Amino acid sequence: MSERTTIALLGYGKMGKEVERLTESQQCEIGAIYDPSLEGKHAELGALQAASFDVFIDFSTPNSAVKNIELAASLGKNIAVGTTGWYDKLPDVERIVRESGIGCIYAQNFSVGIFLFKQLVAHAAKLFNAHDQYDVTLHEVHHRKKLDAPSGTAHTLADTIVGNIDRKSSYQYGIPEEGEPKEETLYVSSQRTGSVPGTHSVVFDSIVDSIELTHTARSRGGLALGALLAAKWIQGKQGLYTIEDMLNG
C-alpha cells in the first residue's frame, strides 16, 4: 500500500470541504484545517503550527493566498495553491519560495479537464489564425460567491488565444462603453449566477457560422482531485511550479 499524504487545508469553504471529502480516495488524510473566518480550533494559528502534516493545500481568498504561502515558508512546508486573484503578487511569491527553499505549485484551475481544454483551445486558435473572417470571444460563468472576475482560467485561456491568433494583440475584460470594439482586441465577459461550478466558452464566429468550444464543470470535484494530485506531486521539490510543469513533466 502506498504511503498516505497528510494535508493541512488553508481555507475551509466549498473547495476546502470538497478536498476533504475526496482525500480518502486519493490515499490522503486531513491533518489540520486553518481558516481565520471560522470559530474554534480551526481559526487558531497555534493549533495549525502544532499539527503534524506533510503539505498544504490553499483554497482561501485572493487577499489571503500570499500570506498563506509566507506561512508555509515559515514552517518549511510545501504548498499547492488553488486560490486565484493574487497573481499581481507573483514576484513576491517567487522571492518567498526562493529564499525559503520550499516548493510551491499554483494553478488558475487544477482540473485536468481544463488543462486539456486549454490545449484544445490553443490548437483551435492556431487553425483559425489563417481565417480572419472569424472573430473570437471568451465567456465564463461561475457561482455568485466567486470573488474574482474574470476567472483565473479565463485569463489563461485569453493568453492562449492571443498568443496563437496574430490579429488579436491583447485582451480586455468587458466591452467599451462607447465606440466600436477593436478588431485586434479579444473581449472577455463573465456571468455570476446561482451555484454554477464553472463554465468556459470560446466562440469563433463568422457571418455564415459559429463554432463553440465549451468546458463545463459538473462539480468542484475536478478541482479538488487535481489539487490533491498537485499536493502529492510537490512533495520533495523546491521552487515555483505550475500545473503545466506537473502534467507535461
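Just so it is clear, none of the values below were taken in a lab; they were calculated from the coordinates. Quantities reported herein were computed from a predicted structural model and do not represent experimental measurements. Ideal geometry is used to build each Cβ from the backbone, glycine not excepted, and the neighbour counts take in all protein chains shown.
Quote the Stokes-Einstein diffusion coefficient, in whole µm² s⁻¹, for the chain, based on the Kirkwood radius over alpha carbon pairs, a temperature of 20 °C and a viscosity of 1.002 mPa s.
Details: Rh = 19.2 Å.
Reported coefficient: 112 µm²/s.
Which listed residue (Gln108, Ala43, Phe59) has the Cα farthest towards the positive end of the charge dipole for region 33-132, taking +1 on Lys and Arg C-beta and -1 on Asp and Glu C-beta about the Cα centre?
The listed residue farthest towards the positive side: Gln108.
What relative contact order, as a whole-number percentage, does the chain give when Cα pairs under 8 Å and 6 or more residues apart are counted? Working shown, then result.
Values: 474 pairs, mean separation 55.8, N = 249.
Once normalised by length, the contact order is 22 percent.
GluC sites (Glu not before Pro) within region 1-52: which are DSSP loop residues with at most 11 other Cβ atoms inside 10 Å?
Numbers: sites: Glu3, Glu18, Glu20, Glu24, Glu29, Glu39, Glu44; in loops: Glu3, Glu39, Glu44.
The qualifying sites are Glu3, Glu39.
Mind checking which of Ile175, Thr160, Ser74 is farthest towards the positive end of the chain's charge dipole, using Cβ charges of +1 (Lys, Arg) and -1 (Asp, Glu) about the Cα centre?
Going by the Cα projections, it comes out as Ser74.
Using Cα-Cα distances under 8 Å and only pairs 6 or more residues apart, what relative contact order does region 159-238 have, in percent?
Once normalised by length, the contact order is 17 percent.
Lys pairs in the chain, Cα-Cα under 16 Å, at least 8 apart or on separate chains: how many?
11
Computed over the Cα atoms of region 1-78, what is the ratio Rg over Rh, Rh following Kirkwood?
Numbers: Rg = 12.0 Å, Rh = 12.6 Å.
Rg/Rh for region 1-78 comes to 0.95.
Which one of Val208, Val97, Val196 has the biggest mean-square fluctuation once the chain is modelled by GNM with Cα springs under 10 Å?
Looking only at Val208, Val97, Val196, the biggest GNM fluctuation is shown by Val208.
Okay, helix-only estimate at 222 nm for the chain: each DSSP H run of n ≥ 4 adds -39500 (n - 2.57), divide by all residues, round to 500 deg cm²/dmol; what do you get? Show your work: numbers first, answer last.
Values: 8 runs with 90 residues, N = 249.
Estimated from H runs of four or more residues: -11000 deg cm²/dmol.
Using bins 10 angstrom wide from zero, how does P(r) for region 112-216 break down, in % of all Cα pairs?
For region 112-216, the binned pair fractions read 15, 48, 31, 6 percent.
Using DSSP, restrict attention to beta bridges with both residues in the chain and report what percent are antiparallel, rounded to the nearest 5.
On the way: 14 of 45 bridges.
If we restrict to bridges inside the chain, about 30 percent are antiparallel.
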